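To start, the structure under review is shown below, and the notes come after it.
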Amino acid sequence: MGNLFCCVQVDQSTVAIREQFGKFDSVLEPGCHCLPWFIGKRIAGHLTLRLQQLDVRCETKTKDNVFVNVVASIQYRALAGKANDAFYKLSNTRSQIQAYVFDVIRASVPKLNLDDAFEQKNEIAKAVEDELEKAMSAYGFEIVQTLIVDIEPDEHVKRAMNEINAAARMRVAANEKAEAEKIVQIKRAEGEAEAKYLSGLGIARQRQAIVDGLRDSVLGFSVNVPGTTAKDVMDMVLITQYFDTMKEIGASSKASSVFIPHGPGAVRDIATQIRDGLLQGQSAATTH
């Protein structure tokens, strides 16, 4: 009906290519336009100005002979100012872009090892974008963005890479565990050393206290019992301690048996020592 009334509508984000008798005439912007068909003018086609995306999957080989599939995402659009070039110069825009992507990727990736290809995805994408921009600008297209969205090696290679990564992490974990155990052992040794040191101090202080107590006992006994010597007092103290020890061993509920040199002879020696001490004390008192 629009052609009947010599009118044509061009939608938003689209331009129309108008021809007159088969020759390019002008580019029609969005809106309503007069198209007098009776003088040979017609619409040859429409060209979208929207941003378009093309995903290209390219198989290639890395420098270390690993086959990978590189997935590139190309975002492009036609330029309104060069709409006639974009419409007439290329018959298949997507195939042309795909060919340039193949050419750049297959020239760039074989120069890199697999690990480097993963690390240098941005450099590969930049090389593809530069080449496409230089080539497609002559045909009225703008390359907006180029992304390398994925690099897919063979499944066996991926499994090997995962195993290598897992082994490396296990080595790190083993080292960390060994360091932790080392620290624990060092701290335990330091604690034991400190405990033994403090225990030694305690024993030394205990012995010093015993010596001081024995000295005070000897001095006090000598003063209160005239005629006794320090040796007499020490003998009495030692015998008293001996009996106290035997009493504690016998009273302890956890002590089942104790092996000590003990017998009738030992009892006779103890009795002799006590009797001698008493007799000496009485003799000294009579003399005085």
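The values are calculated or read from the model by the stated rules, or taken from the named source; none is laboratory data. Treat the numbers as computed from the prediction; the structure is a model and nothing was measured. Positions of Cβ are generated from backbone atoms using ideal geometry, with glycine treated the same way; all protein chains shown enter the neighbour counts. Each accessible area value is taken on the protein alone, full model and side chains, heavy atoms only, with ligands, DNA and RNA left out. Shrake-Rupley method; radii C 1.70, N 1.55, O 1.52, S 1.80 Å.
When the residues SER199, SER91, SER108 are ordered by accessible surface, computed with a 1.4 Å probe over the protein chains alone, the sequence from largest down reads SER91, SER199, SER108. A simple charge model with +1 on the Cβ of Lys and Arg, -1 on the Cβ of Asp and Glu and nothing else charged puts the dipole of segment 1-122 at about 320 debye relative to its Cα centre. Near the amide H of ASP150, within less than 5 Å, lie the amide hydrogens of VAL71, all on another chain or at least 5 residues away, with H placed in the peptide plane. Of the residues ILE186, ILE17, the one with the largest accessible area comes first in the ranking ILE186, ILE17, computed with a 1.4 Å probe on protein heavy atoms. Distance between the C-alpha centres of segment 88-139 and segment 140-214: 47 Å, rounded to the whole angstrom. Return the subset of LYS89/LYS111; LYS41/LYS89; LYS61/LYS89; LYS41/LYS82; LYS134/LYS158; LYS63/LYS126 for which the Cα-Cα distance in this structure is over 27 Å, preserving the input order. Over 27 Å Cα-Cα: LYS89/LYS111; LYS61/LYS89; LYS134/LYS158.
Placing +1 on each Lys and Arg Cβ and -1 on each Asp and Glu Cβ, with no other charges, gives segment 7-48 a dipole about its Cα centre of roughly 160 debye. Which lysines, on any chain, are close to LYS182 with Cα under 22 Å apart, when same-chain ones fewer than 8 places away are left out? Qualifying lysines at Cα under 22 Å: LYS196. Remark: C-alpha extents of segment 7-48 on the principal axes read 27, 17, 11 Å, sorted largest to smallest. For segment 17-112, the set of chymotrypsin sites (Phe, Trp or Tyr not before Pro) satisfying both a DSSP loop assignment and a count of at most 14 other C-beta atoms within 10 Å is given as PHE21. Charged neighbours of GLU176, selected by a Cβ distance under 12 Å, balance to +2 (K, R count +1; D, E count -1). Within the assembled protein chains, the solvent-accessible surface assigned to THR245 is about 70 Å², based on a 1.4 Å probe. The calculated Kirkwood hydrodynamic radius for segment 51-143 is 13.8 Å, given to one decimal from all distinct C-alpha pairs.
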